[in-house]
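The values are calculated or read from the model by the stated rules, or taken from the named source; none is laboratory data. Since this is a predicted model, take the numbers as computed values, not measurements. Here the Cβ positions follow ideal geometry from the backbone for every residue, glycine too, while neighbour counts run over all protein chains shown.
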């Protein structure tokens, strides 16, 4: 799985297609969607168009989607619907969107689709220490990834190592703070100062901070310039002092209810 990509939450159909194609044209290969984003079909369309127009092999592209708790009661139908909407042959990774009734049942259904080759890997979203301790002993295929809200104001400094020590990859949604909070975070004096020191944007500093914590990133964007910028994270490295300065910004401030 690529360590950085595109989140498609709140992107409408045409915007989503264009954003996916922009990402793929500029070297990005990871796309995150979900049943509840109502754009799995657009993600699939963008992937198919990019494969045709840019000659990108399907095997290079990594698509994540998610089942929502209201689908857990009939997970096979939900998985079939996701495969049909995406229409890209198989799903690279499927997550449970957050804990709910029948979540183990839904995960076991996903395990059966892994055996069929229709899903390549499994994971969880919005699972924390208590939930993981309860859930993990009940499933056969360990989750390869846990995707949670993480940003400088909500750093999960206890949860991230707990997950990583189990050999599970951590991925952050809302890496730039989330809608309604992004401007404040990108304008933070500490982050702006570090960005100026490296000649990069505040967004690039935050995403690089995540990568240096071993956290993969899926910033959402509909702006082609921002999508390209969010992929350009390897021309600089944050010092230990800069990492610590961003670490000191933690407020335990969650920006969504999950």
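A few remarks follow.
- Total residues in region 193-216, condition more than 16 Å from residue 230 (Cα to Cα) and over 21 Å from the mean Cα position of the chain (by Cα): 4
- Of the residues making up region 1-46, those that are closer than 21 Å to residue 78 by Cα and part of a helix (DSSP H, G or I) number 10.
- Set 29, 48: member being in contact with a strand residue (DSSP E or B) (Cβ under 9 Å, 6 or more places away or on another chain) and surrounded by 15 or more Cβ atoms within 10 Å (Cβ to Cβ): 29
- Qualifying residues in region 170-192 (those that are more than 16 Å from the chain's Cα centre (by Cα) and part of a loop (DSSP other than H, G, I, E, B)) - the one modelled with the lowest pLDDT: 180
- Qualifying positions in region 146-195 - surrounded by fewer than 17 Cβ atoms within 10 Å (Cβ to Cβ), touching a helix residue (DSSP H, G or I) at 6+ places or on another chain (Cβ under 9 Å) and closer than 24 Å to residue 236 by Cβ: 157, 187, 190, 192, 193
- Taken over region 47-86, residues that are in contact (Cβ under 8 Å) with a residue 40 or more places away in the chain, out of contact with any helix residue (DSSP H, G or I) (no Cβ under 8 Å at 6 or more places or on another chain) and either part of a helix (DSSP H, G or I) or more than 20 Å from residue 147 (Cβ to Cβ) (or both) amount to 1.
- Total residues in region 100-121 satisfying the condition of being touching a strand residue (DSSP E or B) at 6+ places or on another chain (Cβ under 8 Å) and either assigned to a helix (DSSP H, G or I) or within 16 Å of residue 71 (Cα to Cα) (or both): the figure is 7.
- Residue 258, sole failed condition from (1) at pLDDT 95 or above; (2) not in a helix (DSSP H, G or I): (1)
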